[in-house]
1. Consider B:Thr86 carefully, then state whether it is more than 23 Å from A:Leu106 (Cα to Cα) and within 11 Å of chain A (Cβ to nearest Cβ).
2. Are there any helices (runs of 4 or more DSSP H) wholly within region A:394-438 with 3 or more residues that are crowded, with 22+ Cβ neighbours inside 10 Å and more than 14 Å from chain B (Cβ to nearest Cβ), and if so which?
3. Kindly evaluate A:Pro97 against the criterion of being under 22 Å from A:Ala302 (Cα atoms) and within 16 Å of the chain's Cα centre (by Cα).
4. If you scan region B:99-152, which residues turn out to be hydroxyl-bearing (Ser, Thr, Tyr) and surrounded by fewer than 22 Cβ atoms within 10 Å (Cβ to Cβ)?
5. Return only the number of the condition from (1) at pLDDT 70 or above; (2) of a type in the set (A, V, I, L, M); (3) within 25 Å of A:Gly67 (Cα to Cα) that A:Val22 does not satisfy.
6. Look at B:Ser152 and say whether it is touching a His at 6+ places or on another chain (Cβ under 7 Å) and more than 12 Å from every other protein chain (Cβ to nearest Cβ).
7. Please verify whether B:Ser158 is over 22 Å from A:Ser388 (Cβ atoms) and touching a Ser or Thr at 6+ places or on another chain (Cβ under 8 Å), treating the condition exactly as stated.
8. Of all residues in region B:192-219, how many are at negative phi, within 11 Å of another protein chain (Cβ to nearest Cβ), more than 21 Å from the chain's Cα centre (by Cα) and open to solvent by less than 70 Å² (accessible area, probe 1.4 Å)?
Amino acid sequence: MSTTTTEGKVYDVAGQDWDELVETVTESAEERLVINMGPQHPSTHGVLRLVLTLDGETVTEARTVIGYLHTGIEKNMEFRTWTQGVTFVTRMDYLAPIFNETAYCLGVEKLLGIADRVPERAQAIRVMMMELNRISSHLVALATFGMELGATTPMIYGFREREMVLDIFEYVTGLRMNMAYVRPGGVSVDLPAGAVDKIGEFLKVMPERIKDIRKLLDENPVYTRRTKDVAYLDLTGCMALGITGPMLRAAGLPWDLRKSQPYCGYETYEFDVPTEKTCDVYGRYLVRMAEMEESLKIVEQALDRLTGPLKGGPVMIDDKKIGWPSQLALGPDGLGNSPDHIAHIMGSSMEALIHHFKLVTEGFRVPAGQVYSAVESPRGELGAHVVSDGGTRPYRVHFRDPSFTNLQAVPATCEGGMIADVISAVASIDPVMGGVDR
Amino acid sequence: MSSENLPGVPQGEAPDQTPEPVVRRGMFGAGDTGDTSGYGRLVVRRPARLASARPYGSYFDDVADALEPVAGDAIERVVVDRDEVTFHIARERLVDVMRHLRDDPALRFELSLGVSGVHYPDETGGELRAIYHLCSITHNRRIRVEVACPDSDRHIPSTVSVYPTHDWHERETYDFFGIVFDGHPALTRIEMPDDWEGHPQRKDYPLGGIPVEYRGAETPAPDQRRSYA
């Protein structure tokens, strides 16, 4: 099919008419080809659309179109209580839900002025869950990346290992994704019995598994040729485009908020910030692998604290006006209401019932003001700009999602390269469209 | 009737600032007869407009010292709140100030974390805000720059020339709030469809939503539910 427009001749391809297309294209003398990649494309990590202008196999122009997964989370939050907001933000970057929740909760806590009063055990659990989440997120980045370059083994390995992390999440929070686990003032529920053993087992298995993936890819000639010197973006480019996370660290700058502006007590953990100087896709891969190894170290330290000095401590702030009135309890059908708490409010204390009702339906008030809280998510700086007008609902919450900003690097990394390298370039950015579009 | 059995009014320092405008009286939209809600005499005022005086504390004074010689007249007010500093900048001078913040060795805010918008319908003359979060990797500092524009003249100069990362962020803020960033290379919608009408994050834009019915009972749409603010 071809139609003539003011721009020139346009060929539409539906996939069934290749012969006809080849015939008409060979007749034309024009070399320029505009290809629409996405929004439904297996190599675009979700509903990302790339409009590529090609000269032969070389990309001369790359334009990114987003917005296909916009769900209006930020608007919706303005009509829910501060605590309910957690359930919304966890769905933004769905591969890193704990980071979204933590960034938001740190912001709310800062607005409330209770940042110092969040129990240490809750902070240690947050750190542990975040690092587990970082591992699972990097594993998906790696798995999808392998698949997009035609290597299915890393894909199977990555998703298999990620399953172990998701099992831990399910065991601890009741949900594999979108857990709404971190709440303003602490976390929703303490680690259940047996969680420590489960995580300990994971820590034993995982280093070997990471080595297996490294053995498959680190020196693999097919892999290195598809990744080395591809999608080059140096430090100047990263700074101008606001790129953070593994992309920035692969350009040689050891900028990691966990080190430079610590939160949740990261300054008390021992870990390194891996960097590479290659500025290419391979460097970003190496950074992600090394970060997983560092994350394991942090999880181990956090687990030691949770079983040692912080054992049995509270996981929610000791302020009855903010902390959720009850914790969940593990029943035969999973996590649910605590029968003890229900017996207490329904059977023995009218005041407790009123308190429960007020806090759950009305929520707590947050003094007016605005804060910006940032955490180092697997993809870079995840910032939450939280504004309150003094009410029980957020006045405005804006998430500075690293995927959104990093995706602006597509033209800079793809233009002038081969079309096959576009896949590597986009995969090395590791965008999650849920976070990009929110 | 004596006032003996009424609750006491707190003594002490009298509020010296003029009270902020009233945003709302009562609760739940009830305003006809009687005080059956118990909230009838509630008066909700707009939060006070903060302005901090020197010394600001922390590194904020250093930043202000380096900024004032160049942009002293552009700084409308400085707010230090919850260990964060906000410089309110006149919109005409925004690009200059941003460039100075980026290039001055004493400031060096080389990383921008983008633009966020906020809509304050009650702040006459400055309803729409563009808020920039800047980070200095050299000095390990953060500041916030806030720029206001009236709803009747929604224009703010674009800062893409200073921070190229603002390209998409300004498009997003335009999309959601309708702020036109003059000088942006291609200011189009980014999240909403191109032919969308209205700017969804503005406070006068309804959430929409439909009531939820479950087992015969109906729960109103989220924006129609009772609010306790």
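The values are calculated or read from the model by the stated rules, or taken from the named source; none is laboratory data. Just so it is clear, the structure is predicted and the values come from calculations on it, not from any experiment. So basically every Cβ, Gly included, is an ideal-geometry build from the backbone, and we count neighbours across all protein chains shown. In case anyone asks, the SASA skips ligands and DNA or RNA and just uses the protein heavy atoms, side chains included. Shrake-Rupley method; radii C 1.70, N 1.55, O 1.52, S 1.80 Å.
1. On the way: more than 23 Å from A:Leu106 (Cα to Cα): no; within 11 Å of chain A (Cβ to nearest Cβ): yes.
Spelling it out, it is not the case that B:Thr86 is more than 23 Å from A:Leu106 (Cα to Cα) and within 11 Å of chain A (Cβ to nearest Cβ).
2. A:419-429
3. For A:Pro97, the condition - under 22 Å from A:Ala302 (Cα atoms) and within 16 Å of the chain's Cα centre (by Cα) - is met.
4. Step one: filter region B:99-152 for residues hydroxyl-bearing (Ser, Thr, Tyr), giving B:112, B:116, B:120, B:124, B:132, B:136, B:138, B:152.
Scanning region B:99-152 gives B:Tyr120, B:Thr124, B:Ser136, B:Thr138, B:Ser152.
5. (3)
6. When the stated conditions are applied, B:Ser152 does not pass them.
7. It is false that B:Ser158 is over 22 Å from A:Ser388 (Cβ atoms) and touching a Ser or Thr at 6+ places or on another chain (Cβ under 8 Å).
8. 2
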